[in-house]
Amino acid sequence: MEIIQIDDTTWRIEDSGVRFFLLSGTQKALLIDSGMQVHNAREIAESLVSLPIELLNTHGDIDHVGSNREFDRFYMNPAEASNYYHTQKQTGTMVPVSDGDKIDLGERELEIITLPGHTPGSIAVLDRKNRVLISGDPIQDGSIFMFGIQREMHAYLLSLEKLERYLPYFDTIYPSHGSFPVKPDLIPLLQEGAKQILAGNLSGDTAEFHGTKIKVYDIGAAKFLCDQ
Ligand SMILES: [Zn+2]
């Protein structure tokens, strides 16, 4: 685990291949995801800021909810409830957020953008003031998991297309995996890759992930891990 300060009011915490974020405003601070191996994200956040701390999860996958039990309540898209409570067997009270919702940290307003596809309730967080998009898993240059029952490539592609109208509002993307940071010009590359996969134009390599047979499409800009 490594804590890296990005600017006066933003930190990233690197946790064994996944990263999560702490953003502070003048009134409160927000953890965006709570780690994988780490189970003391609240304690980490409290060591960095002296403000009330709330938690938001970009989605319910197990590598993003490691410290959720430290919080009574957490913001999440309710489309993620089945993944979070049923598949991942997590607990706690979800405070539902949906597309366009705002969370004001005090002189720092964050906007929720729903990006279904990787999971049904994946969300990104737009920090217009700092011109940053915190993207979760859908926008990154590492491995994008698209295999298994909850994931849907058509929805993913629609989400990328939807992001086009937000391009005037951010210059930098903070993803949960892969390189940090990435640039918005990654988005059209992912879009093209998703289109090619859906059109059946890429052959891909067969592989196995924890006993599941998958297909890996390396589009250069990222890898898509898909059903065979
Ligand atoms: Zn992830």
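Among the aspartates and glutamates, which fall within straight-line cross-link reach of residue 213, defined as a Cα-Cα distance under 18 Å, with same-chain neighbours fewer than 8 residues apart omitted?
Within the straight-line limit of under 18 Å, residue 213 reaches these aspartates and glutamates: 152, 205, 227.
Write down the radius of gyration of the range 130-169 and its Dmax, each obtained from C-alpha positions, in Å.
Taking only Cα atoms of the range 130-169, I get Rg and Dmax of 11.7, 36 Å.
Taking the alpha carbon gyration tensor of the range 107-220, what are the square roots of 5 times its eigenvalues, largest first, to the nearest whole Å?
Sorted largest first and rounded, they come to 26, 14, 13 Å.
Between 190, 163, 55, which gets the highest mean-square fluctuation from a Gaussian network model of the chain, Cα cutoff 10 Å?
Maximum among the listed residues: 163.
Taking square-rooted eigenvalues a ≥ b ≥ c of the alpha carbon gyration tensor, is the range 170-228 rounded, prolate or oblate, where a/c under 1.5 means rounded and, failing that, a/b exceeding b/c means prolate?
Oblate shape, in that a/c is at least 1.5 and b/c is the bigger or equal ratio.
Semi-axes, largest first, in whole Å: what does sqrt of 5 times each Cα gyration tensor eigenvalue give for the range 69-166?
Equivalent ellipsoid semi-axes, largest first: 21, 20, 11 Å.
If you take the square roots of the eigenvalues of the alpha-carbon gyration tensor of the range 30-74 and sort them as a ≥ b ≥ c, do you get rounded (a/c under 1.5), prolate (a/b over b/c) or oblate?
In terms of gyration-tensor shape, prolate.
Under 29 Å between alpha carbons, and skipping anything fewer than 8 positions from residue 183 in its own chain: which lysines qualify?
Of all the lysines, those that pass the test against residue 183 - Cα under 29 Å, at least 8 places apart if same chain - are 28, 102, 129, 162, 195, 215, 223.
So in the chain, what percent of DSSP beta bridges are antiparallel if you round to the nearest 5?
70 percent
Calculate the length of the line joining the C-alpha centroid of the range 9-35 to that of the range 168-216, in whole Å.
Using only Cα atoms to place each centre, the spacing works out to 23 Å.
Under the rule of -39500 (n - 2.57) per DSSP H run of 4 or more residues, summed and divided by the residues of the chain, what mean residue ellipticity at 222 nm is obtained, to the nearest 500 deg cm²/dmol?
Calculated mean residue ellipticity at 222 nm is -4000 deg cm²/dmol.
With only alpha-carbon pairs counted, each pair once and no self-pairs, how large is the Kirkwood hydrodynamic radius of the range 147-195 in angstroms?
Result for the range 147-195, one decimal place: 11.9 Å.
When only DSSP loop residues count, what trypsin sites (Lys or Arg not before Pro) in the range 47-135 have their Cβ near at most 16 other Cβ atoms within 10 Å?
89, 128, 129, 131
Classify the range 1-146 as rounded, prolate or oblate from the Cα gyration tensor: take a ≥ b ≥ c as the square roots of its eigenvalues, call it rounded if a/c is under 1.5, otherwise prolate when a/b beats b/c and oblate if not.
It is rounded, given that a/c, with a ≥ b ≥ c, falls under 1.5.
Quick check for me: using +1 on Lys/Arg Cβ and -1 on Asp/Glu Cβ, what's the dipole size of the chain about its Cα centre, in debye to the nearest 20?
Its charge dipole is roughly 300 debye.
Laboratory data are not the source of any read-out in this text; all were calculated from the coordinates shown. If you're wondering where the values come from, they're calculated on a predicted model, not measured in any experiment. Because the Cβ atoms are built from the backbone with ideal geometry, glycine has one as well, and the counts that use them run over all protein chains shown.
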